[in-house]
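**Student:** Supplied in structure tokens, the structure appears directly below.
The values are calculated or read from the model by the stated rules, or taken from the named source; none is laboratory data. All values derive from a computational prediction rather than experimental measurement. Note: ideal-geometry Cβ built from the backbone for every residue, glycine included; neighbour counts use all protein chains shown. The protein model used for the area step is the full one, side chains on, heavy atoms only, and it has no ligands, DNA or RNA in it. Shrake-Rupley method; radii C 1.70, N 1.55, O 1.52, S 1.80 Å.
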Amino acid sequence: MGSIPDPGELTELAQPSFDEFQRQTSLMTSCTLLWKELSDHFSSIEKDLLNKSEALKRKIRSLDHQTDQSLHLLDSRETSIDGSVQIAIGNVDKRRDAAISALVDEEAEDGEVDNGEGLMLKLKSFCLRMDAFGFWGFVIGKKKELEALRAEMPVALGECVDPAKFVLEAISEVFPVDKRGEKGVNDLGWACVLVLESLIPVVVDPVIGKSRLLVTPTVKERAKEIAEAWKASLEERGGIENVKTPDVHTFLQHLVTFGIVKEEDLDLYRKLVIASAWRKQMPKLALSLGLTQQMPDMIEELISRGQQLDAVHFTYEVGLVDKFPPVPLLKSFLKDAKKVAASISEDPNNAGRAAYLAARKEQSALRAVIKCIEEYKLEAEFPPENLKKRLEQLEKVKIEKKKPAAVPANKRTRASNSNGGPMPPAKAGRLTNAYVSSFPAAPTFVRSPSHGQYPAALPPYPSPPHMYGSRSPPANHYAYSPEPAPAIAGSYPTAPMNYPAYGGYGNVLAPTYQQAYYR
């Protein structure tokens, strides 16, 4: 029988497992991390809920404010109807009496227009008599006095009994469809836009302003029909990409003037504005058409299309200069213009005019950027001095291109004296299809018809019609080509460059003379 251990006796304690200790430590760490993660997650959710709650409260306050404004505006519109109608009736009565007086008064019938006062009298005469077609013919004949027309026309249109109807009738010859047929070679979009812009201050409500236009329902419905007819004709014109910019401008101004913008057509308006973005009035029209929310995307599209200069105008109009800084856009525009100019100068199809065309391209870009810098006061950020210096350099290139190449007089004299006749021109050497006839009956060169130095008895050279293309040879040049003749029966066995009839102008001097025309 075994002995019972003494309770007071110290027994050997069991040693704890180190692996168990590590497991519990890892478990505690995991729990701590999980707790922290959950705590942060719930804190983030709580913060988001608070932010959304505040945003909703602000939105509700904004909507309440807008609702109050709308109700106040509606109340103002309702209470102002009687006053506006009375003012309109009074104006119509005055215009009617003035129209009757104008019909009786013969002095305003055929007055000469030689100053601003005469221009106003003539415009008022047409408007008082509601002679829309006479008014239109008069306006299109005064394009040189555009600024005077712009200043006087709103006042004159105010004399019409029904200004909106008068304007629709006036522009009906060319809008929505040009009825002139083949005779309508000159573009009259400028006159349409001018008349439509001048109508706006005439039809705005005198009490509440632009929010209401004093256009009769009949005229407004007619304006809508005209807009739909123009949209329907887009396919016949070749689509948005092929329609003329003046036509686009007239259509958009028509919508704004008569207040017939449709929300479902905003995508069409955007495409039309982008296609004609270079037009100065397009940024303002875009805002009037309700494209304010789409302006950032439109600006980015213009930049992607390489129209950085147009994008700058849009950014200033809509107030997005901070988002789209103008100076980097202008520099990018100049960089692209230089690339295009370089490609023109390297084009073999423009070998004779490459430098001139490239200079013109870069000149146009420099002028546009300098004008933009001055318009928006960007001199501090983008000094234009270097641009102006570069422009002057390109102007010299242009002048040198126009300057005719000088030919030393002594060389021409020696050529004439050595052969008893004039020196053949090197210009013919530039023509790829020029040649020298190999028939013995043909003389070597011919006297210029306008040159009085040489005898008229010399027989003319039968040069082929394609020697000078579609142009006649210059008066001081002769039908000569340094290129060899085609090898046919009866031709001379030696190359024309070695033929002695050219007075010593062989392979050495002829190329030197030609190069003067290439500079």
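**Student:** Out of residues 5 or more away from R212 or on other chains, whose amide H comes under 5 Å of its own, with H placed 1.01 Å from N in the peptide plane?
**Tutor:** Residues meeting the amide H criterion: D205.
**Student:** Oh, and also: How large is the Kirkwood hydrodynamic radius of the range 265-384, counting all unique pairs of alpha carbons, in Å?
**Tutor:** 15.4 Å
**Student:** With the other protein chains left in place, how much accessible area per residue, in square angstrom, belongs to the range 126-251 at a 1.4 angstrom probe?
**Tutor:** Per-residue accessible area for the range 126-251 comes out at 48 Å².
**Student:** Can you compute the FRET efficiency between R305 and K59 using 1/(1 + (r/R0)^6), with r the Cβ-Cβ distance and R0 = 45 Å? Round to the nearest 0.05. Walk me through the numbers before you get to the answer.
**Tutor:** Values: r = 36 Å, r/R0 = 0.80.
Given R0 = 45 Å and the Cβ-Cβ separation, E is 0.80.
**Student:** If you take the alpha carbon radius of gyration of the range 155-264 and divide it by 2.2 N^0.38 Å, what ratio comes out, to two decimals? Provide the component values of the computation, followed by the final result.
**Tutor:** Values: Rg = 14.2 Å, N = 110, 2.2 N^0.38 = 13.1 Å.
In units of the globular-protein estimate, the range 155-264 measures up at 1.08.
**Student:** Sort 35-42, 228-235, 268-275 by packing, meaning the average of other beta carbons within 10 Å per residue, with the highest value first.
**Tutor:** Working: 35-42: 10.0, 228-235: 13.5, 268-275: 19.1.
Sorting 35-42, 228-235, 268-275 by mean packing, highest first, produces 268-275, 228-235, 35-42.
**Student:** Let me ask something else about it. If each residue of separation counts as 0.36 nm, what is the full-extension length gain between D336 and L214 once their alpha-carbon separation is subtracted?
**Tutor:** Additional length available on full extension: 39.1 nm.
**Student:** Over the range 189-253, what number does the Rg to Rh ratio reach, with both radii from the alpha-carbon atoms and Rh per Kirkwood?
**Tutor:** Expressed as Rg/Rh, it is 1.05.
**Student:** Show me the ranking of peptides 285-292, 137-144, 305-312 by mean Cβ neighbours inside 10 Å, starting with the highest. Walk me through the intermediate numbers first.
**Tutor:** On the way: 285-292: 18.5, 137-144: 14.6, 305-312: 21.2.
Highest to lowest by the protection proxy: 305-312, 285-292, 137-144.
**Student:** In whole Hz and in residue order, list the ³J(HN,Hα) couplings for the range 210-216 that follow from phi through the Karplus curve 6.51 cos²θ - 1.76 cosθ + 1.60, θ = phi - 60°; x for Gly and Pro.
**Tutor:** So the J values, rounded to whole Hz, are 5, 5, 9, 9, 8, 10, 5.
**Student:** Please compute the length gained on full extension between K280 and E264, using 0.36 nm multiplied by the number of residues separating them and subtracting their Cα-Cα distance.
**Tutor:** Details: separation 16, 0.36 × 16 = 5.76 nm, distance 2.55 nm.
Length gained, K280 through E264: 3.2 nm.
**Student:** Additional query: Using a Förster radius of 56 Å, what is the FRET efficiency between L71 and L357 based on their Cβ-Cβ separation? Nearest 0.05, please. Numbers along the way, then the final one.
**Tutor:** Numbers: r = 63 Å, r/R0 = 1.12.
Given R0 = 56 Å and the Cβ-Cβ separation, E is 0.35.
**Student:** Express the carbon and sulfur contribution to the solvent-accessible surface of the range 118-157 as a percent, rounded to the nearest whole number, probe 1.4 angstrom.
**Tutor:** Heavy-atom surface of the range 118-157 belonging to carbon and sulfur, 1.4 Å probe: 62 percent.
**Student:** While we're looking at this one, here's another question. Net charge near W278, counting Lys/Arg +1 and Asp/Glu -1 over other residues with Cβ under 12 Å of its Cβ?
**Tutor:** So the environment of W278 carries a net charge of +2.
**Student:** Follow-up question, since we're still on this one. So for the range 239-344, if I pair up every lysine 8 or more residues apart or on another chain, how many of those pairs have alpha-carbons under 17 Å apart?
**Tutor:** 7
**Student:** Do any chymotrypsin sites (Phe, Trp or Tyr not before Pro) in the range 273-349 lie in a DSSP loop with no more than 14 other beta carbon atoms within 10 Å, and if so, which?
**Tutor:** Here the chymotrypsin sites (Phe, Trp or Tyr not before Pro) that fit, given the DSSP loop and packing criteria, are W278.
**Student:** Rolling a 1.4 angstrom probe over the protein heavy atoms, how many square angstrom per residue are accessible across the range 267-316?
**Tutor:** Numbers: 2130 Å² over 50 residues.
I get 43 Å² per residue for this part.
**Student:** Given a 1.4 Å probe and every protein chain left where it sits, what share in percent of the accessible area of the range 266-385 is carbon and sulfur?
**Tutor:** Taking all protein chains in place, the range 266-385 shows 51 percent carbon and sulfur surface.
**Student:** Once you charge only the Cβ atoms, +1 for Lys and Arg and -1 for Asp and Glu, what is the size of the charge dipole of the range 125-205 about its Cα centre, to the nearest 20 debye?
**Tutor:** Around 240 debye, computed over the range 125-205.
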